[in-house]
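Quick note: the coordinates plus some simple rules give every number you see, no bench work behind them. Predicted, not measured: the structure shown is a model, and the values here were computed from it. Counting neighbours? That spans all protein chains shown, and the Cβs are built from the backbone with ideal geometry, glycine included.
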């Protein structure tokens, strides 16, 4: 499950980067901010998965 979540987070990060760049190129600040928000969400998912991995490691 962890690998699946990481893949989804990576895809969301890429989507966010693309949306941010499109927002910059088109002068649309809403797209830019939404893209940054997606990147932040993806980063949060990665942090949670890293914490889960560390807990599993500590318990084994």
Using the eigenvalues of the Cα gyration tensor, what equivalent ellipsoid semi-axes result for the chain when each is taken as the square root of five times the eigenvalue, whole Å, largest first? 31, 9, 5
CD proxy, 222 nm, the chain: helix-only mean residue ellipticity via -39,500 (n - 2.57) per DSSP H run with n ≥ 4, per residue, nearest 500, stands at -33500 deg cm²/dmol
Looking only at 43, 19, 30, which one moves most when the chain is put into a Gaussian network model with springs between Cα atoms under 10 Å? 30
The residues 45, 14, sorted from fewest to most surrounding Cβ atoms within 10 Å, come out as 14, 45
At what distance in nm do the modelled label points of residue 47 and residue 28 sit from each other, each positioned 7 Å from its Cα along Cα→Cβ? 2.8
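So what is the relative contact order for the chain, in percent, with contacts set as C-alpha pairs under 8 Å and at least six apart?
37 percent.
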